[in-house]
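In what follows, a single structure is set out as structure tokens and then discussed.
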Amino acid sequence: MQFVASEHPHRRLNPLNGQWVLVCPHRTQRPWSGQQEKAQKNELPEFDPTNPLCPGVTRPNGIQTPEYESTYVFENDFPALVEVVPVPPNSDDPLFQIAPARGNCRVMCFHPKSNLTLPTMSAADIVVVIDEWISQFNELSAKYAWVQIFENKGAAMGCSNPHPHCQIWSCSFLPTEPQLKQERLRAYYATNERPMLADYVERELQRQERIVIENRDWVVVVPFWATWPFETMLISRNNNKRINDLTAEQRYNLALTMKELTTKYDNLFQCSFPYSMGWHGAPTGPEHAHASSAHWTLHAIYYPPLLRSASVRKFMVGFELLAMAQRDLTPEQAAQRLREVDGKCHYLEK
């Protein structure tokens with residue numbers, strides 16, 4: 001019997017972290033009688049006097065959000081990481097290791113209007129968001145080893161406030177996922193004298209199996225090793241290492257690419273498509289200031305949970321938690337569906 005990737009179970013290696021992913025495409029045929037999510041629609045008002053992220057509204061800690069007209073950044077009222085914290089005692093027991101964890105957590109509102117999301121914002125407004133990301137990165141990267149810019153969109157991904165916003169967490173240490181990438185990317189570069197993701201982009205462009213969007217500066221691809229159903233990577237084609245490397249033209253093309261990708265997501269199931277996304281680039285801070293970053297390539301990752309429709313999501317439970325990551329439809333199938341869906345005109349505008 002001949003192997004067919006779209007029909008037969010198989011494993012794929014993620015070279016960025018060394019983990020394998022189990023692909024079981026035949027599972028898409030199984031009936032579903034599990035939890036049905038409520039489809040997320042863009043039904044919010046422009047201004048909600050009860051939403052603390054709206055201009056002029058008082059937050060739970062008594063601080064009034066200013067009447068901002070563009071982006072707005074503030075220190076998280078309930079931060080996971082703080083800059084001043086006692087150092088834990090050293091442990092000589094290998095089974096009870098502990099280490100310091102200092103940092104900073106900020107919230108960044110994309111726009112004063114609550115009823116907008118990135119796919120329904122203009123490209124010019126998204127450029128303003130990118131510019132503010134870079135401004136924040138410039139400040140925080142001078143002090144911290146890792147600056148994680150990320151957006152949780154939608155209640156299905158744990159977002160507690162529907163106003164368009166993201167978070168920026170800065171760490172005195174290199175977190176687990178970036179640390180794994182640092183090691184794998186560095187090892188690949190030492191062997192091949194080329195950045196892994198630069199080679200990966202080149203080969204994906206040759207194959208044209210998993211490409212969703214491509215232009216002069218950016219490529220969006222469903223990774224060969226994707227775990228989430230419609231997971232994508234947005235990768236720089238200009239050897240950028242960090243987000244503050246981007247030129248004005250690259251920022252504008254990034255805004256267009258992000259708008260097109262998130263519009264495709266929304267149009268796929270005719271809903272406000274939930275996801276978690278974030279940027280990965282070379283580490284920062286004094287510890288990494290003079291270290292080579294040649295092995296890195298700037299990229300963003302989108303992890304959307306929806307699988308079959310606006311109401312059926314992928315759950316990472318059971319085998320996924322206890323054994324290994326597993327996906328149903330193949331990355332090639334997901335890429336084809338995303339390629340074919342309109343990314344220029346949002347379904348709400350039709």
- Could you tell me whether region 268-277 includes any residue that is at negative phi, assigned to a helix (DSSP H, G or I) and either open to solvent by less than 10 Å² (accessible area, probe 1.4 Å) or touching a residue at least 60 places away in the same chain (Cβ under 8 Å) (or both)? yes
- Query: Any chance region 192-211 includes a residue that's assigned to a strand (DSSP E or B) and out of contact with any Ser or Thr (no Cβ under 6 Å at 6 or more places or on another chain)?
  - Reply: yes
- Could you count how many residues in region 252-263 are under 17 Å from the mean Cα position of the chain (by Cα) and either among the hydroxyl-bearing types (Ser, Thr, Tyr) or open to solvent by 10 Å² or more (accessible area, probe 1.4 Å) (or both)? 6
- Are there any pairs with C-beta distances below 7 angstrom linking a residue in region 307-333 that is in contact (Cβ under 8 Å) with a residue 40 or more places away in the chain and part of a helix (DSSP H, G or I) to a residue that is surrounded by 18 or more Cβ atoms within 10 Å (Cβ to Cβ) and among the small types (Gly, Ala, Ser), with the two at least 6 apart or on different chains, and if so which? Pro331/Ala226
- Message: Scan region 138-155 and tell me whether some residue there is assigned to a helix (DSSP H, G or I), open to solvent by less than 30 Å² (accessible area, probe 1.4 Å) and at negative phi.
- Response: yes
- Message: I'd like to check something: does region 131-152 contain any residue that is under 28 Å from Ser272 (Cβ atoms) and free of Cβ contacts under 8 Å to residues at least 40 places away in the same chain?
- Response: yes
- Query: Within region 3-39, how many residues are open to solvent by 100 Å² or more (accessible area, probe 1.4 Å) and modelled with pLDDT under 95?
  - Reply: 7
- Query: For His290, are the conditions met, namely being farther than 20 Å from Gly343 by Cα and under 13 Å from the mean Cα position of the chain (by Cα)?
  - Reply: no
- Item | Residue ID - nearest to the chain's Cα centre (by Cα), chosen from residues in region 172-191 that are in contact (Cβ under 8 Å) with a residue 40 or more places away in the chain and in a loop (DSSP other than H, G, I, E, B) | Leu174
- Query: Just checking, how many residues over region 334-346 are open to solvent by 30 Å² or more (accessible area, probe 1.4 Å) and assigned to a helix (DSSP H, G or I)?
  - Reply: 4
- Message: With the requirement that a residue be part of a loop (DSSP other than H, G, I, E, B), within 25 Å of the chain's Cα centre (by Cα), aliphatic (A, V, I, L, M) and under 30 Å from Ile126 (Cβ atoms), what does region 58-102 give you?
- Response: Ala80, Leu81
- Of all residues in region 44-69 being in contact (Cβ under 8 Å) with a residue 60 or more places away in the chain and not aliphatic (A, V, I, L, M), the one that is farthest from Val147 (Cα to Cα): Pro45
- For region 228-242, indicate whether the set of residues that are of a type in the set (A, V, I, L, M, F, W, C), under 21 Å from Pro15 (Cβ atoms) and open to solvent by 10 Å² or more (accessible area, probe 1.4 Å) is non-empty. yes
- Based on what the data block shows, is Ser160 open to solvent by 40 Å² or more (accessible area, probe 1.4 Å), part of a helix (DSSP H, G or I) and among the small types (Gly, Ala, Ser)? no
- Query: Of the residues Asn61, Asn42, which is within 30 Å of Ser172 (Cβ to Cβ) and modelled with pLDDT under 95?
  - Reply: Asn61
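The values are calculated or read from the model by the stated rules, or taken from the named source; none is laboratory data. In this text the structure is predicted, and so the values were computed from the model without any measurement. For neighbour counting, all protein chains shown are included, and Cβ atoms are generated from backbone atoms with ideal geometry for every residue, glycine included. These accessible areas exclude ligands, DNA and RNA; they are computed on the full protein's heavy atoms, side chains included. Shrake-Rupley method; radii C 1.70, N 1.55, O 1.52, S 1.80 Å.
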